[in-house]
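> Before we start, here is the structure in question, set down as structure tokens.
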Amino acid sequence: MCGGKGTRLDWDGEKPLFPVDGEPMVDRVVAALEASRVERVYAVVSPHAPETAAHVDCPTIETAGEGYVADLGAALDDERISEPVLTVAADLPLLDAKVVDDVLDAYEGGSLTVATPTFLKSALGVSVDTSFVHEGEELAPTGVNVVGEGPDETIVRDESRLAVNVNRREDAEVAERLLF
């Protein structure tokens, strides 16, 4: 998913193309997906990200850019897509193939939300923009999900590679310090 405006980043360019350690975030995410067991990678783009659409080296799915949920729905309607579908936000520059494969291993059917404890995000010094309580623990969505038919499940991953979503400049600074 790489079609958002990225207004919180305070950058003149498109958010997916924001460089972390000199490399656009979207390139880092696509590389992680291609190195994982994921079979096909599509970039879901919108009119808000024309440079991203031209930049990515994978097939694209064009959406209207009406927000994450609406754009995800439009992407799922694309004839090339069949559920279950792993969705990944383009603002996860620390993502790697092992983390992706671990999520795929945890998937048992239905839909899967991957979350991280908000205390981890706070400890790392990254922003917490959205949170929810699950089984008594305050969690933040990671930007990695599996969309499928059936019941929804939430798994918790105490993993810095999933906890660092770059929404602000400070988040990017943390990502660069944690690159490993």
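The values are calculated or read from the model by the stated rules, or taken from the named source; none is laboratory data. None of the values given here were measured: they were computed from a predicted structure. Here the Cβ is made from the backbone with ideal geometry for all residues, glycine too, and neighbour counts use every protein chain on show. Please note that ligands, DNA and RNA were not included when accessible areas were found on the heavy atoms of the full protein model with its side chains. Shrake-Rupley method; radii C 1.70, N 1.55, O 1.52, S 1.80 Å.
> For ASP21, what charge total do you get from the other residues with a beta carbon under 13 Å from its beta carbon, if Lys and Arg give +1 and Asp and Glu give -1?
Charge balance near ASP21 sits at -2.
> Still on this structure: Using a probe of 1.4 angstrom, how much of the accessible area of the chain is carbon and sulfur, in percent?
Ligands and nucleic acids excluded, carbon and sulfur reach 47 percent.
> Report the local net charge at THR52: Lys and Arg +1, Asp and Glu -1, summed over other residues whose C-beta lies under 11 Å from its C-beta.
-2
> Taking the DSSP beta bridges in the chain as the whole, what percent of them are antiparallel, to the nearest 5?
Here the antiparallel bridges make up roughly 65 percent for the chain.
> If you keep only loop residues by DSSP, which GluC sites (Glu not before Pro) in the range 85-180 have at most 15 other Cβ atoms within 10 Å of their Cβ?
Passing both the DSSP loop test and the Cβ count: GLU108, GLU135, GLU149.
> So what is the relative contact order for the chain, in percent, with contacts set as C-alpha pairs under 8 Å and at least six apart?
24 percent
> Which value, in Å², gives the accessible area per residue of the chain when a 1.4 Å probe is used on the protein heavy atoms?
Averaged over the residues of the chain, the accessible area is 49 Å².
> In a shell of Cβ-Cβ distance under 12 Å around LEU95, excluding LEU95 itself, what net charge do Lys and Arg (+1) and Asp and Glu (-1) give?
-3
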